[in-house]
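S.K.: Here it is: the structure, laid out below.
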Amino acid sequence: MAGVRVVISDFGGVLTNPLLESFVKYQETTGIPLEVLGEAMAAVGERDGMHPLYELEKGLLSEADFTRVMQAELESRLEHKIEFHLFPDHYFEHLHPNEPFLDFLFEYKASGGRLALLTNNVKEWEHRWRSMLPIDELFETVVDSGFVGMRKPEPEIYALTHERITALEGLADVAPEECVLVDDIEVNCTAAREFGFQAVQLVETDQAIADVRALLA
């Protein structure tokens, strides 16, 4: 197995606390059950032929249109008015930095390590998540699904990430197997390995740090 020269980090659930914590707080605050939220997304996807969250994360559906279709579907199911436009406020209110993993990345960077960020995110939310963390201080390149029209686990986004990495100074010869993706979602890790990257699924922060350190060693 090739030695790792570049660490590629996910954002939500890796650089932050688990995303489920934020969704649970949304449920507690609004009274909208997570199961109903998921069912509504699935119903919109079946009706319109596209999954609204996936299209949102690829920048193919605007936040305003996402809010409109989801609010209509949820109100139909819940049989009362809701304020779905406040979803991002609730979501980001309960996200916070994963300090131990950030400390590890800063330590790695200080030792000469090279870092990239690969995130499934929403174009209109860029100011929210970038303001949470020192993104540009840590990462040499950022691949944000909302701006590139593709998302994990689509193979094209891994190819684009590798292309962006090899465009960086001193990394033109980096092979995919010399990169490791750290992601909290198993299917994203599986797809990364299929592309040729190594991958570490973050289940617990200490476990992920130990797994990456082992690959760096």
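S.K.: Would you check if there is a residue in the stretch 168-177 being farther than 20 Å from residue 148 by Cα, touching a residue at least 60 places away in the same chain (Cβ under 8 Å), in contact with a helix residue (DSSP H, G or I) (Cβ under 9 Å, 6 or more places away or on another chain) and surrounded by 14 or more Cβ atoms within 10 Å (Cβ to Cβ)?
M.R.: yes
S.K.: Residue 85 - would you say it is in contact with a helix residue (DSSP H, G or I) (Cβ under 6 Å, 6 or more places away or on another chain), within 24 Å of residue 149 (Cα to Cα) and not charged (D, E, K, R)? I'd like the intermediate steps shown before the answer.
M.R.: Details: in contact with a helix residue (DSSP H, G or I) (Cβ under 6 Å, 6 or more places away or on another chain): yes; within 24 Å of residue 149 (Cα to Cα): yes; not charged (D, E, K, R): yes.
Answer is yes for this residue.
S.K.: Under 8 Å between Cβ atoms, at least 6 apart or on separate chains: pull out the pairs that start in the stretch 191-217 with a residue that is under 12 Å from residue 180 (Cβ atoms) and free of Cβ contacts under 8 Å to residues at least 60 places away in the same chain and end on any residue that is assigned to a helix (DSSP H, G or I) and among the charged types (D, E, K, R).
M.R.: 196/177; 199/193; 200/211; 201/186
S.K.: A further question on this structure: When the stretch 18-42 is examined, which residues are found to be aliphatic (A, V, I, L, M) and crowded, with 16+ Cβ neighbours inside 10 Å?
M.R.: Of everything in the stretch 18-42, those that are aliphatic (A, V, I, L, M) and crowded, with 16+ Cβ neighbours inside 10 Å turn out to be 19, 32, 37, 40, 41.
S.K.: Follow-up question, since we're still on this one. Please state which of the following conditions residue 70 fails to meet, knowing it meets all the rest: (1) outside the structural domain of residue 164 (by TED's automatic domain parsing); (2) touching a residue at least 60 places away in the same chain (Cβ under 8 Å).
M.R.: Every condition holds for residue 70 apart from (2).
S.K.: Any residue at all in the stretch 96-108 that is without any contact (Cβ under 8 Å) to a residue 12 or more places away in the chain, in the same structural domain as residue 183 (by TED's automatic domain parsing) and more than 24 Å from residue 185 (Cβ to Cβ)?
M.R.: yes
S.K.: So which of 147, 84, 101 ends up being crowded, with 19+ Cβ neighbours inside 10 Å and either over 30 Å from residue 206 (Cβ atoms) or modelled with pLDDT under 95 (or both)?
M.R.: Exactly one residue qualifies, and that residue is 84.
S.K.: Can you name every residue in the stretch 114-144 that is buried (at least 16 other Cβ atoms within 10 Å of the Cβ) and more than 15 Å from the chain's Cα centre (by Cα)?
M.R.: 114, 115, 138, 140, listed by residue number.
S.K.: Right, another one. Based on this model, can you work out whether residue 60 counts as among the aliphatic types (A, V, I, L, M) and within 28 Å of residue 169 (Cα to Cα)?
M.R.: no
The values are calculated or read from the model by the stated rules, or taken from the named source; none is laboratory data. Model, not experiment: these values are computed from the prediction. Positions of Cβ are backbone-derived with ideal geometry, glycine not excepted, and every protein chain shown enters the neighbour counts.
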